[in-house]
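Input: a single structure, listed below in structure tokens.
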């Protein structure tokens, strides 16, 4: 198992708790190749309206705009943005 898969499974554990309502938008290169089908499928199965965005296929999305849209869509109590680069 690669370090990426191991770290990712632990870091998204809260998403599968029944009392947790979450929407995940993950933009990454080749998500199924990088993290594996099991992790991607688990996130999609437990989080309503989640999106796993393949940047190799679709290019880089405007994450700031998508986060703001999601806040309005779900009346979010909190938003967590994790980025390798500074968001505008």
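The values are calculated or read from the model by the stated rules, or taken from the named source; none is laboratory data. What you see is a predicted model; the values in this text were computed from it and never measured. All Cβ positions, even for glycine, are placed from backbone atoms using ideal geometry, and neighbour counts span all protein chains on display.
Identify all residues within segment 68-83 that are more than 25 Å from residue 29 (Cα to Cα) and assigned to a loop (DSSP other than H, G, I, E, B); write none if there are none.
Those that are more than 25 Å from residue 29 (Cα to Cα) and assigned to a loop (DSSP other than H, G, I, E, B): 75, 76, 77, 78.
Any residue in segment 50-74 that is at pLDDT below 85 sitting within a Cβ distance under 7 Å of a residue that is assigned to a helix (DSSP H, G or I)? List the pairs, counting only those 6 or more apart or interchain.
Once the first residue is at pLDDT below 85 and sits in segment 50-74, its partners that are assigned to a helix (DSSP H, G or I) give 50/43; 50/44.
Being under 21 Å from residue 81 (Cβ atoms), at pLDDT 75 or above and part of a helix (DSSP H, G or I) is true for just one of 40, 7. Which residue is that? Spell out how you get there, then give the answer.
Numbers: 7 fails: at pLDDT 75 or above.
Going through 40, 7 in turn, the sole match is 40.
Only residues that are assigned to a loop (DSSP other than H, G, I, E, B) and at pLDDT 90 or above: list them for segment 15-37, please. If you could, list the steps in order and put the result at the bottom.
If we filter segment 15-37 for residues that are assigned to a loop (DSSP other than H, G, I, E, B), which is where we start, we get 17-24, 29-30, 36.
Answer for segment 15-37, where residues must be assigned to a loop (DSSP other than H, G, I, E, B) and at pLDDT 90 or above: 29, 30, 36.
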